[in-house]
Structures are given as C-alpha cells and as structure tokens.
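> Pasting in a structure now, in structure tokens, and then I'll have a few things to ask.
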Amino acid sequence: MKGNFVHLFPAGNTSKGFYSFYRYILPQETARRIICLKGGPGTGKSSLMKKVAQYFNEKGYDIEYHHCSSDNNSLDGILIKDLNVALLDGTAPHVVDPINPGAVDEILNLGNCWNEQGFRDYRNTIISINKQVGKTFKRAYRYIGAAKAIHDDWSSFNSEVINTSKLNAFKEDLKNEIFAGMNVSNTGIDRHLFATAFTPNGIITYIDSLIENYKRIYVINGEPGTGKTNLLSFIFDESIKRGLCVEVYHDPLIPERIEHLLIPSLNIAFVTSNEINKRNFVGNQIHMEEFINKRLLDKPLADIDEDKENFYLLLNKALSIISEAKVLHDELEKCYIPNMDFDKTDEKYTEIINKFLKYEKEYRRR
C-alpha cells in the first residue's frame with residue numbers, strides 16, 4: 001500500500017528577499033540521516049530526490065515534497081516520514097552544509113558525475129548568467145517590497161478601526177472551545193514552513209494537501225489589517241503553552257506573519273482565505289469584518305481600491321520578473337546537462353536507496 005504525499009515550500013521569495021525555513025524540514029535531534037546534495041543546475045538533484053521519494057512511497061511511507069519557490073516543478077528537498085531521513089538541495093541560494101557531519105549529515109556531490117573538461121566552452125556563459133540571475137531576483141524582491149509597502153497602507157485602513165474588546169472576547173471564547181480541559185504544561189514544539197509561494201508560475205499554494213485529512217477546519221476570512229495574524233498568533237501561543245506540536249505556515253509576502261496554523265494532535269487546522277491565496281475553504285467560517293468598526297473608517301473606498309490596484313500591479317510585476325529568472329536558470333541548465341554522466345547519478349541513487357534501507361531495518365526493529 002502506497003503512502004501519502006504532501007507538498008509545501010521550505011523557503012520563499014518574499015519582501016525580505018529569499019527567506020528560508022530549511023532547518024525545520026527535519027530537526028537534527030530526530031534525524032537519522034540528512035544528505036545534502038551538491039551540484040549545479042541540471043545535474044539531476046530534483047530528479048534524484050523524486051526517484052528516491054517514489055521508491056519509499058511505494059513501500060508505504062508518507063513523503064513530504066519540499067518544492068522550490070523559484071521553480072515549483074522542482075524540489076528543494078524530500079522528507080521520508082517515520083524513517084526520519086531527508087535529501088536536501090544544498091546549493092545556492094539555499095546553501096545547506098552539515099551541522100553534525102557524520103553523526104547526522106553528509107554531503108553527496110553530484111559534481112563527481114560531470115565531465116569537468118566539458119565546461120571550458122561554457123565558463124564565461126555560466127558566470128554571466130549567474131550574475132544575471134542574481135540581479136533579476138534582487139529586482140523581483142524590490143517589487144515585492146514595494147507591494148508590501150502598499151499592502152501596509154491597505155492594512156492600516158482596517159487595523160486602525162478594529163474593535164479590540166470584541167476581538168479579545170472572541171479569542172477567549174475560541175481558546176476555551178479548542179483547548180477545553182487542557183492545562184498549561186511544558187512548552188510545545190513548533191515547525192515553520194510555507195504553504196504558499198511566489199513562483200515563476202504565479203502564486204502557488206499547497207495548503208489543500210496539508211489539510212486533506214483534518215476533521216476540524218476553521219476558515220479565517222478578511223482583508224489586510226482585520227486581525228487575522230493577531231488571531232493566529234494567539235492560537236499559536238496558547239497551543240505552545242499546552243505542550244502541543246504546531247505546524248506554522250508563513251505568509252509569502254511578510255514571512256514573519258502566519259498564513260495557516262495546523263495542530264495535528266487535535267486534528268484542527270486554521271486556514272486563512274486572504275488577498276494572496278484567494279481561496280474559498282470549507283469549514284467553520286470566521287469573518288474578521290465582524291470586528292471592524294466600519295463607521296469609523298475615515299478613508300473613502302476609492303483610496304482602498306487604489307491600494308488594491310497598486311498592490312496587485314506591483315506583485316504581478318514581481319511574479320513576471322521571477323519568471324524571467326526561471327528562463328535564465330533554464331539557459332544555465334543547458335550548460336550542465338550535456339556534461340553530465342547520468343549513469344553515475346543512477347549509481348548515486350542506488351547508494352542512497354541502500355543507505356536508507358539500512359535505516360529502515362533499524363526502524364523495523366524498534
């Protein structure tokens with residue numbers, strides 16, 4: 001019987017630039033083995049990870065696909081759950097090096113599978129394209145930053161007129177509903193990643209695969225500044241106080257903020273339907289407009305509509321620039337692929353499978 005797949009992003013293109021939660025893919029304390037793959041674009045890292053994931057999925061293991069925000073059809077990593085082993089792309093921009101070499105981590109260099117002499121004709125092209133890719137992403141981040149500034153203005157219209165007393169009373173009622181009979185105890189465990197990302201293919205979200213089996217889903221609806229983050233942060237803090245494990249999925253625009261919150265042991269998910277993911281979820285609906293004193297809004301709707309228009313204009317421009325970076329990256333791959341010995345990468349695949357099967361034997365003996 002095959003296992004399940006879930007999809008997510010370990011990092012994102014944000015208003016803060018490239019923002020990584022790589023360290024949360026698999027904690028050092030619980031990992032049996034983390035293999036960091038090194039090698040240039042087009043050297044087969046993503047394909048290798050997919051093959052390993054497929055092998056163990058067919059053996060019944062649940063797999064996490066950690067997608068690349070700069071190309072959501074490629075992988076930055078895989079996690080084979082229960083075995084507690086992971087493969088990670090350790091090349092720029094998500095540079096990953098062993099933290100506990102030998103004990104937990106190791107490097108697998110796919111550079112050993114290429115014909116180094118063959119790169120002589122591509123040397124200047126590779127250097128030039130890499131510089132262009134870097135500049136293109138910096139430009140995209142400036143546009144995302146500009147979109148965030150407009151988003152702040154849009155948010156301010158609502159945040160200035162929140163009925164704090166009403167919102168706080170609702171938060172207390174919700175806390176009592178969710179955590180009934182649960183006392184404050186040891187500090188819980190939190191895991192941080194992205195469910196949504198700005199990619200060359202637009203705004204991609206994988207939240208559906210993450211909440212598929214959750215029985216209780218709370219859907220938080222509301223425009224920017226209506227208190228969604230406030231509510232999610234409150235539930236997060238209360239969960240941690242009660243010793244629960246919490247999965248936090250962050251906002252791709254403002255990575256410090258929470259977009260979705262999952263509490264696996266309670267089978268409860270909090271998801272937001274917002275101006276970025278534009279999703280309509282089925283579940284217990286929470287409408288944040290109920291906590292807004294609309295009569296106190298001192299800005300005409302025309303100003304708010306102008307912010308909306310400018311926000312999407314800037315964000316869509318950023319997405320088009322990220323798409324330009326993907327085109328450059330594809331050109332870079334063309335320099336590497338002809339110089340790869342993919343028979344050797346097949347040998348690497350066999351090496352990884354055999355290594356992980358040894359860990360499976362340890363897991364079965366427990």
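The values are calculated or read from the model by the stated rules, or taken from the named source; none is laboratory data. Model, not experiment: these values are computed from the prediction. FYI the Cβ positions are ideal-geometry reconstructions off the backbone, even for glycines, and counts take in every protein chain you see. Accessible surface areas use protein heavy atoms only, side chains included; no ligands, DNA or RNA. Shrake-Rupley method; radii C 1.70, N 1.55, O 1.52, S 1.80 Å.
> Using θ = phi - 60° and the Karplus relation 6.51 cos²θ - 1.76 cosθ + 1.60, list the HN-Hα couplings for segment 235-249 in order, rounded to whole Hz, with x at every Gly or Pro.
For segment 235-249, the Karplus-derived couplings read 5, 4, 4, 5, 5, 5, 4, 9, x, 8, 8, 10, 9, 10, 10 Hz, x marking Gly and Pro.
> Still on this structure, I have one more. Subtracting the Cα-Cα distance from 0.36 nm times the residue separation, let me have the gained length for Lys361 to Asp97 in nm, one decimal.
92.4 nm
> When all protein chains stay in place, what accessible area (Å², nearest 10, 1.4 Å probe) is found for Leu88?
That residue has around 10 Å² of solvent-accessible surface.
> So if we plug the beta-carbon distance of Asp343 and Phe5 into 1/(1 + (r/R0)^6) with R0 = 25 Å, what FRET efficiency do we get, rounded to 0.05?
Using R0 = 25 Å, I get an efficiency of 0.35.
> Counting only protein heavy atoms, what percent of the accessible surface of the chain is carbon or sulfur at a 1.4 Å probe?
Of all accessible area on the chain, carbon and sulfur atoms account for 49 percent.
> By how many degrees, between 0 and 90 and to the nearest 10, does the Cα long axis of helix 123-159 differ from the longest principal axis of the chain?
For helix 123-159, the angle is close to 10 degrees.
> Go ahead and set up a Gaussian network model of the chain, Cα springs under 10 Å, then flag whichever of Gly40, Gly60, Gly12 fluctuates most.
Most flexible of the set in this elastic network: Gly60.
> Note the angle between two axes, namely the Cα long axis of helix 301-336 and the longest principal axis of the Cα atoms of the chain, as a number of degrees from 0 to 90, rounded to the nearest 10.
The answer is roughly 10 degrees.
> Angle between the Cα long axis of helix 45-57 and the longest principal axis of the chain, 0 to 90 degrees, nearest 10?
Roughly 80 degrees between the two axes.
> What are the radius of gyration and Dmax of the chain, computed over its Cα atoms and given in Å?
Cα radius of gyration and Dmax of the chain are 22.5, 71 Å respectively.
> Quick one: 3J(HN,Hα) in Hz for segment 345-361, Karplus 6.51/-1.76/1.60 with θ = phi - 60°, rounded, Gly and Pro as x.
Per residue, the Karplus-derived 3J(HN,Hα) values read 5, 5, 5, 5, 4, 4, 4, 5, 4, 5, 5, 6, 5, 5, 5, 5, 4 Hz.
> Next up: Sticking with the crude label model, points 7 Å out along Cα→Cβ, report the distance from Asp208 to Lys166 in nm, one decimal please.
Distance between the two pseudo-spin positions: 3.4 nm.
> Apply the Karplus parameterisation 6.51 cos²θ - 1.76 cosθ + 1.60, with θ equal to phi minus 60°, to every residue of segment 206-211 and state each ³J(HN,Hα) to the nearest whole Hz, in sequence, with x for glycine and proline.
10, 4, 4, 5, 7, 9
> Beyond 19 Å, how much of the Cα-Cα pair distribution for segment 225-366 remains, as a whole percent?
For segment 225-366, the share of Cα pairs beyond 19 Å comes to 73 percent.
> Let me ask another. Nearest 20 debye, what's the magnitude of the dipole of segment 22-119 about its Cα centre given +1 on Lys and Arg Cβ and -1 on Asp and Glu Cβ?
Using Cβ point charges on Lys, Arg, Asp and Glu, segment 22-119 gives about 160 debye.
> Any idea what the relative contact order of the chain is, in percent, if you count C-alpha pairs under 8 Å spaced at least 6 apart?
25 percent
> Let me ask another. With only Lys, Arg, Asp and Glu charged, each at its Cβ (+1 for the first two, -1 for the last two), find how big the charge dipole of the chain is about the Cα centre; round to the nearest 20 debye.
780 debye
> For an R0 of 22 angstrom, estimate the FRET efficiency from the Cβ-Cβ distance between Arg139 and Glu306 and round to the nearest 0.05.
Calculated value: 0.35.
> Tell me the per residue accessible area of the chain using a 1.4 Å probe; a whole number in Å² is fine.
Value for the chain: 47 Å² per residue.
> Roll a 1.4 Å probe over the protein heavy atoms and report the accessible area of Met340 in Å², nearest 10.
Approximately 20 Å² for this residue.
> When the chain is fully extended, how far beyond the present Cα-Cα distance does Val184 get from Ser233, taking 0.36 nm per residue of separation?
16.0 nm
> I've got another one for you. Please list, by residue number, every one of the trypsin sites (Lys or Arg not before Pro) in segment 26-88 that is coil in DSSP and has at most 15 other beta-carbon atoms within 10 Å.
For trypsin sites (Lys or Arg not before Pro) across segment 26-88 that sit outside H, G, I, E and B with at most 15 neighbouring Cβ atoms in 10 Å, the list reads Lys59.
> For segment 57-112, what does the relative contact order come out to in percent, with C-alpha contacts under 8 Å and a separation of six or more?
Across segment 57-112, relative contact order equals 20 percent.
> Across 5 Å bins from 0, what is the distribution of all Cα-Cα pair distances for segment 130-279, in whole percents?
Result returned by the calculation: 2, 8, 16, 20, 18, 14, 10, 6, 3, 1, 1, 0.
> Also, I was wondering about something else. With unit charges on the beta carbons (Lys and Arg positive, Asp and Glu negative) and the dipole taken about the Cα centre of the chain, which residue among Ile127, Ile204, His151 sits farthest to the positive side?
Ranked along the dipole, the leading option is Ile127.
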